[in-house]
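Values quoted throughout were computed directly from the atomic coordinates according to the rules given, and no laboratory measurement underlies them. This one's a predicted model, so the numbers in the text were calculated from it and none came from an experiment. Positions of Cβ are generated from backbone atoms using ideal geometry, with glycine treated the same way; all protein chains shown enter the neighbour counts.
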Protein chains: 2
Amino acid sequence: MKVAHFSETREFDPKVMKRFTIHDSEWFRIINFNLSAGLTFPVHSHDLDGQLSIQVMEGEGEYLGRDDSAIPAKAGDILVCDIREPHGVRATTDMRILVTIAPPL
Amino acid sequence: MKVAHFSETREFDPKVMKRFTIHDSEWFRIINFNLSAGLTFPVHSHDLDGQLSIQVMEGEGEYLGRDDSAIPAKAGDILVCDIREPHGVRATTDMRILVTIAPPL
């Protein structure tokens, strides 16, 4: 049993996305990304089985997908997609997200 | 790609914990539990490989474990434990938690 405190990784850089690994095991990985307003987590995918969730903890922006698709993303929203599906995030305001990947890459 | 809205399952019952499945696949399951102040999600475990996270989204209380152990739990805290480890939650205030289990039971 291990408790992480999400409040302790509330750091932003206006130029680059900040990344904090909250948990990593053979079962899943949890990563906190903090994006300053205007930053984009570029669309990407991996040719691997598995799924991931992208949970918006704070702020708002858009979930990005295949062919320039964009879906509104705000605090409380949880996207789930296959690791193989193109996915990304664009921040309109400062934005904190929590990504869970199973199995971890 | 599928987006769930955590704000849509903000329902409490003073007598029983409310449960909403946010996602379920062969990779992981995400469940939202809402506990009114005073309610307990009893300590339990399953004899299966895998891990789970218990994320406090709102409110506060305690993470419960083996031998009556209790760890403070407040919004932003994320507990990770093996599915085999005894785990539970006690709500001091109305409390919303998000549980991710991989692989799903």
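Based on the alpha-carbon gyration tensor of the protein assembly as shown and its eigenvalue square roots a ≥ b ≥ c, which shape applies: rounded if a/c is under 1.5, prolate if not and a/b is larger than b/c, or oblate? Walk me through the numbers on the way to the answer.
Values: a/c = 1.77, a/b = 1.50, b/c = 1.18.
Judged from the Cα gyration tensor, the protein assembly as shown comes out prolate (a/c at least 1.5, a/b above b/c).
Each Cα pair under 8 Å and six or more residues apart adds its sequence gap; the mean of these over the residue count of chain B is a relative contact order of 34 percent. Taking B:VAL43, B:VAL56, B:VAL89 as the candidate residues, the one with maximal mean-square fluctuation in a Gaussian network model of chain B, Cα springs under 10 Å, is B:VAL43. Neighbour counts of C-beta atoms inside 10 Å place A:GLU8, B:GLU60 in the sequence A:GLU8, B:GLU60, starting with the fewest. Between the beta carbons of A:ARG84 and A:THR40, assuming R0 = 25 Å, the FRET efficiency works out to 0.75 to the nearest 0.05.
What is the order of B:GLU11, A:GLU58, fewest Cβ neighbours within 10 Å to most? Intermediate values should be presented prior to the final figure.
Working: B:GLU11 10, A:GLU58 17.
If I rank by nearby Cβ atoms, fewest first, I get B:GLU11, A:GLU58.
Where does each of B:PHE12, B:PHE28, B:PHE41 land when they are ranked from fewest to most other beta-carbon atoms within 10 angstrom? Don't skip to the end; give the middle numbers.
On the way: B:PHE12 18, B:PHE28 26, B:PHE41 21.
Arranged by neighbour count, lowest to highest, B:PHE12, B:PHE28, B:PHE41 become B:PHE12, B:PHE41, B:PHE28.
For the range A:18-102, just say rounded, prolate or oblate: build the C-alpha gyration tensor, square-root its eigenvalues into a ≥ b ≥ c, call rounded for a/c under 1.5, and beyond that prolate if a/b exceeds b/c, oblate if not. Cα axes put the range A:18-102 in the oblate bin. What residues of the range B:1-35 lie in the reach of a label at A:GLU60, counting those whose backbone N is under 19 Å from a point 7 Å from the Cα along Cα→Cβ? In the range B:1-35, the label zone of A:GLU60 (backbone N under 19 Å from the point 7 Å along Cα→Cβ) covers B:3-10. For the protein assembly as shown, the number of Lys pairs separated by eight or more positions or lying on different chains, with C-alpha atoms closer than 26 Å, is 13.
Contour minus end-to-end for B:LYS74 and B:ASP49, with contour as 0.36 nm per residue of separation and end-to-end as the Cα-Cα distance? Don't skip to the answer; put the middle values down first.
Numbers: separation 25, 0.36 × 25 = 9.00 nm, distance 2.72 nm.
Contour length minus the Cα-Cα distance gives 6.3 nm.
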